[in-house]
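Down below is the structure, laid out as structure tokens.
The values are calculated or read from the model by the stated rules, or taken from the named source; none is laboratory data. All values derive from a computational prediction rather than experimental measurement. Cβ placement follows ideal geometry from the backbone for every residue including glycine, while neighbour counts extend to all protein chains displayed. Heavy atoms of the whole protein, side chains included, go into the accessibility calculation; ligands, DNA and RNA do not. Shrake-Rupley method; radii C 1.70, N 1.55, O 1.52, S 1.80 Å.
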Amino acid sequence: MPHTDSSTSSSTDDTIDMRLRQEEDIARCINLDSTGPAVDDRPDLLDHIVDWGPTDTPLGTFQLVPVRIGRDLRLIAQWMNDPSVAAFWELDGPEEATASHLGDQLDGDGRSVPCLGVLDGVPMSYWEVYRTDLDPLARYYPARPHDTGIHLLIGRVSDRGRGLGTTLLRAAADLVLEHRPSCTRVVAEPDLRNTPSVAAFLGAGFRFSAEVELPGKRAALMLRDRALRHVL
């Protein structure tokens, strides 16, 4: 959200409050046990994320829950239409844009799994866990077999700017390393312009490896090594 100060009008405050309430209302309405096509019916290239289960963090119990379009599209599309998110994800606009992005993964070969990040039972973030060694990204860095990447956006406005991303990035990377024994490192490639994101990865135990020129952005290649998991 844009920075506001004490001179901001009360009508703007009301709009922000209403938006927060709308996000929280949608999140509370999602039934994570609802039926529908599930991503775990796809080829398993990521060691069955649906069975990874929850993990404890200093902020509460966190879990990656594979996306179901019929259940989750409205919430994810709303997050994508936040200007601060759209600046980097470029998926703002009608729900069809988000549906297409999700569908490409859900209908694909299983190399990328879109997930909701659920904290203490409340969906509050969107994640993509993907095989970077099978992704076009592998053309731009020395990939290793089973390298696993993560993308993250913090959806709820109330959760941004208070260090929550750092905690959850560490938790998600630990989940990957715990449940994917063949994976020796977790990979990320945030936009270099997105300094809060780069800082969050560094705080989560990732190390900066290189600047990489990718189609559409210049990225910071970030790595979290299994060998350094308990050091950084």
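Being touching a residue at least 40 places away in the same chain (Cβ under 8 Å) and either aliphatic (A, V, I, L, M) or over 14 Å from W79 (Cβ atoms) (or both) is the filter here; which residues of the stretch 153-164 pass it?
Across the stretch 153-164, the qualifying residues are L153, V157, G163, L164.
Please count how many residues of the stretch 132-148 are touching a Lys or Arg at 6+ places or on another chain (Cβ under 8 Å) and either among the charged types (D, E, K, R) or crowded, with 20+ Cβ neighbours inside 10 Å (or both).
Looking only at that region, the number is 5.
Looking at the stretch 55-81, which of its residues are acidic (D, E) and surrounded by fewer than 18 Cβ atoms within 10 Å (Cβ to Cβ)?
The one that is acidic (D, E) and surrounded by fewer than 18 Cβ atoms within 10 Å (Cβ to Cβ): D56.
Against the conditions (1) in a loop (DSSP other than H, G, I, E, B); (2) closer than 21 Å to N194 by Cα; (3) at pLDDT 95 or above, where does H146 fall short? Just the number, please.
Only one criterion in (1) in a loop (DSSP other than H, G, I, E, B); (2) closer than 21 Å to N194 by Cα; (3) at pLDDT 95 or above is unmet by H146, namely (2).
Each row is one residue, and each column tells you yes or no for (1) modelled with pLDDT of 95 or more; (2) charged (D, E, K, R); (3) open to solvent by less than 10 Å² (accessible area, probe 1.4 Å); (4) part of a loop (DSSP other than H, G, I, E, B).
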| position | (1), (2), (3), (4) |
| --- | --- |
| I150 | yes, no, yes, no |
| T167 | yes, no, no, no |
| L177 | yes, no, yes, no |
| C183 | yes, no, yes, yes |
| P196 | no, no, no, no |
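Would you point out the residue of the stretch 82-111, among those that are small (G, A, S), in a helix (DSSP H, G or I) and open to solvent by less than 20 Å² (accessible area, probe 1.4 Å), that is farthest from D159 (Cα to Cα)?
G103
Can you find, within the stretch 135-156, the residue that is nearest to E90 (Cα to Cα) among those that are aliphatic (A, V, I, L, M) and within 19 Å of the chain's Cα centre (by Cα)?
If we take residues in the stretch 135-156 being aliphatic (A, V, I, L, M) and within 19 Å of the chain's Cα centre (by Cα), then L153 is nearest to E90 (Cα to Cα).
Against the definition (within 22 Å of G53 (Cα to Cα), out of contact with any Cys (no Cβ under 7 Å at 6 or more places or on another chain), open to solvent by 20 Å² or more (accessible area, probe 1.4 Å) and at pLDDT 95 or above), how does H230 come out, yes or no?
The answer is no for H230.
Can you tell me which residue is surrounded by the fewest Cβ atoms within 10 Å (Cβ to Cβ) among those in the stretch 210-227 that are in a strand (DSSP E or B) and small (G, A, S)?
Let us first name the residues in the stretch 210-227 that are in a strand (DSSP E or B), namely 210-214, 217-225.
From what's left, small (G, A, S): 210, 219-220.
On the way: A210: 13, A219: 22, A220: 22.
This residue is A210.
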